[in-house]
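Structure first, then comments.
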């Protein structure tokens, strides 16, 4: 049997309501040289019956003999995959018809790229809206953003199987719910990570989504990933730096005082300097990184003022050199100041 170009990898568990639509979105791909490897993790509902109900020889269904969790289940699927490329897909997301074709073409023509994702829109209650991470990217900007959080959607990812198998395991169970974020850093040691900025995936938002149900585990393990990434930069201060970034950039918590704001400014500047020097970032991408820092800073200020944690005068506080005052949305800041003022009086 000839090996397919792409192995689409799916771990399934209690996915009966949505997995059928997800599978149909793979069958509808314009690119047809694929296999879909589904491993059911002892689902107590009809998931296994639903996935076995598709009559397509390209779909391979395995039933796990015991429940082992999403990371080990995904690794089991990747272990038997035969494709040159591995494509991630969660059981509730939807691929748009050109997804596989566009990613295969990208990897075929960019030998230095080990993983390519795509932009993703959100699908909620049957309605599609723009994804929060959508916009222009470059591999250099993605590398920068990976130092602050996870800018990629797992279900949009395609990677080179031979490179992924250099990792043992491919995804680490101890990084549960942040295993994809961890993977991007580990596989990134072998080449560049890119993203096609056109939305080629619909990421489903629903109450039963794993990221909603297990957020604290996800946040904690994302912080562990960042701590590992920061260790060569900050040494013994890596854990404290990761905690600060996780709390205020990953989780979106407001900054409550000016000393913490100063720490954040110093941290962003140190990370920028390290990334620019270590990866020899060119001028155009430095400008992109600086715009990203400016957007991050003003979002932090706006959030902290809106909840009443900081006064509006913090706008004039010393900020990282990359932050431009003209990037501040004055209208949003005025509204945030009014709301924050009311909260400060009330509480």
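The values are calculated or read from the model by the stated rules, or taken from the named source; none is laboratory data. All of these numbers come straight from a predicted model, not from anything done at the bench. No Cβ is skipped: glycine too gets one built from the backbone with ideal geometry, and neighbour counts run over all protein chains shown.
Things worth noting here:
- Tally, over region 44-89, of residues that are touching a strand residue (DSSP E or B) at 6+ places or on another chain (Cβ under 7 Å), under 23 Å from residue 32 (Cα atoms) and part of a loop (DSSP other than H, G, I, E, B): 5
Each row is one residue, and each column tells you yes or no for (1) at pLDDT 95 or above; (2) touching a helix residue (DSSP H, G or I) at 6+ places or on another chain (Cβ under 9 Å); (3) farther than 15 Å from residue 31 by Cβ; (4) crowded, with 16+ Cβ neighbours inside 10 Å.
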{"position": "99", "(1), (2), (3), (4)": "yes, yes, no, yes"}
{"position": "111", "(1), (2), (3), (4)": "yes, no, yes, no"}
{"position": "114", "(1), (2), (3), (4)": "yes, yes, yes, yes"}
{"position": "120", "(1), (2), (3), (4)": "yes, yes, yes, yes"}
{"position": "131", "(1), (2), (3), (4)": "no, no, yes, yes"}
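For every residue, the table says whether it meets (1) more than 12 Å from residue 199 (Cα to Cα); (2) out of contact with any strand residue (DSSP E or B) (no Cβ under 6 Å at 6 or more places or on another chain); (3) outside any strand (DSSP E or B).
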site: 100; (1), (2), (3): yes, no, yes
site: 118; (1), (2), (3): no, no, no
site: 128; (1), (2), (3): no, no, no
site: 131; (1), (2), (3): no, no, yes
site: 140; (1), (2), (3): yes, yes, yes
site: 148; (1), (2), (3): yes, yes, yes
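- Of the set (1) in a helix (DSSP H, G or I); (2) at pLDDT 95 or above; (3) in contact with a helix residue (DSSP H, G or I) (Cβ under 7 Å, 6 or more places away or on another chain), all apply to residue 218 but (2).
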